[in-house]
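S.K.: Quick one: this structure, given as structure tokens, is what I'll be asking you about.
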Amino acid sequence: MPKGWAKSLIGPDGKIAEALEILETGGLQICLVVDTGNRLIGTITDGDVRRGILKGISLDAPATLIMNSKPRVVSPADSQQRIQSLMDDLFLRHVPMVDANGVLVDLITSVDYLRAQQKLADNVVVLMAGGLGSRLRPLTAQTPKPLLKVGSQPLLEIILENFVAAHFKRFYISVNYKAEMVKDHFGDGSKWGCQIEYLEENERLGTAGALSLIQEQINAPMVVMNGDLLTKVNFRNLLDFHREHDSIATMCVREYDFQVPYGVVNIENHRITGLVEKPIHNFFVNAGIYVLSPQALDYIPKGQYYDMTQLFQTLLDIKRETAVFPIREYWLDIGHIADFERANGEFHSIFGPSKDDLPAESSHDAI
């Protein structure tokens, strides 16, 4: 009888939304699609869900529309050495075990994957915190935007703590405007059990140019994030998605809907070919979170203003593999006063009470 992985099962009539709930609550980050005889039909991962989103598939659609119908499987007759070798060679988190009739009998989980879930020490995180915060004045006249308080905590502190909670340990923070205030607050990161170094921009270098200030050799994919975002993105899934697509650079995107406030007239020469009343257009827009493989850094000019969009355009021009990761989790760009007010209004319901809101004893325990 299946045990730990039983909660990862879904029937062929299940919806994508049900598979998504299994991925988020099942703990194994895989959904196994089986028929009434427990025969394996396919598998679904977080990446499959996001690829479905990019295709415009609704979460109410059948889960079979996005599943991998030909997953790698092993049999009970396979040796442990062969199974582990297969998983290592193909970078597999899990591999279902099925018998000769295709009946699911076990789910093998990579030991290396379990270790990776606990520690992400090789993946450096760069937080961009050097902006002037002009659109948030007068709030930023005396306080840099990263230190503005949301839910009684500085915005950048919330971002840092979310990464630390996900087991990231090494950070760079790019600073420019009121840099000393940011550095004084975060120090070397030891208060949060992590290591923080600073990229000091004597002149503004853009969202990618600051990365040219990193002196060390980067050997693993790097997460880069604007320091004015509140999000519940699963960064482990983001890194896995980046690797699955063999991408040199991955950009997180958000769906954005725009409704034309007028009736649109379609024409051909002088004739009307159709009328559409207040149509809605759908776009994917840059969400300000990226993953860069070490090779991507070679394309960033040193000491020059260079935005992340320029880097992606360069990579596109030379035909390097790039990818988009659609964000389905909570995401808010705090660019205007209205966004800041919204962040404070939504913070507790999305993130729970901040440590400064807890009773003294609980706050001490949390630290």
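S.K.: What FRET efficiency, computed as 1/(1 + (r/R0)^6) with R0 = 41 Å and r the Cβ-Cβ distance, is obtained for THR25 and LYS302, rounded to the nearest 0.05? Before the final figure, lay out each step's value.
M.R.: Numbers: r = 46 Å, r/R0 = 1.11.
Computed FRET efficiency for THR25 and LYS302: 0.35.
S.K.: Let me ask something additional. Of the listed values [x] 69, 68, 49; [y] 76, 55, 38; [z] 113, 61, 51, identify the label whose number matches Cα extents along the principal axes in Å calculated from this model.
M.R.: So the calculated entry is the one marked [x].
S.K.: Moving on. Find the centroid of the Cα atoms in segment 208-257 and in segment 56-104, then give the distance between the two in whole Å.
M.R.: 27 Å
S.K.: Between LYS183 and VAL285, what FRET efficiency follows from the Cβ-Cβ distance if R0 is 41 Å, with the result rounded to 0.05?
M.R.: Values: r = 32 Å, r/R0 = 0.77.
E between LYS183 and VAL285, to the nearest 0.05, is 0.80.
S.K.: Further question on the same structure: What residues have an amide H closer than 5 Å to that of ALA323, excluding those fewer than 5 places away on the same chain, when H is modeled at 1.01 Å from N in the peptide plane?
M.R.: ALA249, THR250, MET251
S.K.: Which value in nm describes the separation of the simple spin-label points at LYS319 and LEU65, placed 7 Å from the Cα toward the beta carbon?
M.R.: Modelled inter-label distance: 3.4 nm.
S.K.: Next question. Under a Cβ-only charge scheme (Lys and Arg +1, Asp and Glu -1), can you give me the dipole magnitude of the chain about the Cα centre, in debye to the nearest 20?
M.R.: Numbers: 35 positive and 46 negative charges, 69 e Å.
Roughly 340 debye for the chain.
S.K.: Which lysines have a Cα lying under 24 Å from the Cα of LYS70, excluding residues fewer than 8 positions away in the same chain?
M.R.: LYS3, LYS7, LYS15, LYS55
S.K.: Could you sort the peptides 100-109, 277-286 by per-residue average Cβ neighbour count (10 Å cutoff), highest mean leading? The partial results should precede the final answer.
M.R.: Details: 100-109: 15.6, 277-286: 11.2.
Highest-to-lowest ranking by the protection proxy: 100-109, 277-286.
S.K.: Note down the relative contact order for the chain as a percent, whole number, built from C-alpha pairs under 8 angstrom at least six residues apart. Can you show the working numbers first?
M.R.: Numbers: 630 pairs, mean separation 52.2, N = 367.
That works out to 14 percent.
S.K.: Name the residues whose placed amide hydrogens come within less than 5 Å of the amide hydrogen of ILE108, ignoring near sequence neighbours (fewer than 5 apart) on the same chain.
M.R.: Counting only residues 5 or more places away or on other chains, the set is VAL95, MET97.
S.K.: Let me ask you something else. In whole angstrom, how far apart do the alpha carbon centroids of segment 171-204 and segment 1-53 sit?
M.R.: So the two Cα centres are separated by 42 Å.
S.K.: Of the peptides 154-161, 202-209, how do they stack up when ordered by the mean number of other Cβ atoms within 10 Å, highest first?
M.R.: 154-161, 202-209
S.K.: Could you pull out every residue, at least 5 positions away or on a different chain, whose amide H is within less than 5 Å of the one on GLY42? Hs are placed 1.01 Å off N in the peptide plane, and Pro or chain starts have none.
M.R.: Close amide H contacts, sequence-distant or interchain: VAL33.
S.K.: Convert each backbone phi in segment 188-197 into a coupling constant with the Karplus relation 6.51 cos²θ - 1.76 cosθ + 1.60 (shift: θ = phi - 60°), then list the ³J(HN,Hα) values in order as whole Hz, x for Gly and Pro.
M.R.: Those phi angles translate into 8, x, 4, 4, 9, x, 9, 10, 10, 10 Hz.
S.K.: Hey, another quick one. Sort 88-94, 59-65 by the packing proxy (mean of other Cβ within 10 Å over each peptide's residues), most packed first. Walk me through the numbers on the way to the answer.
M.R.: On the way: 88-94: 13.7, 59-65: 16.3.
Answer by packing, highest mean first, reads 59-65, 88-94.
No value in this document is a laboratory result; all are computed from the given coordinates. All figures in this text were calculated on a predicted structure; none of them were measured in a lab. Backbone-built Cβ (ideal geometry, glycine too); neighbour counts: all protein chains shown.
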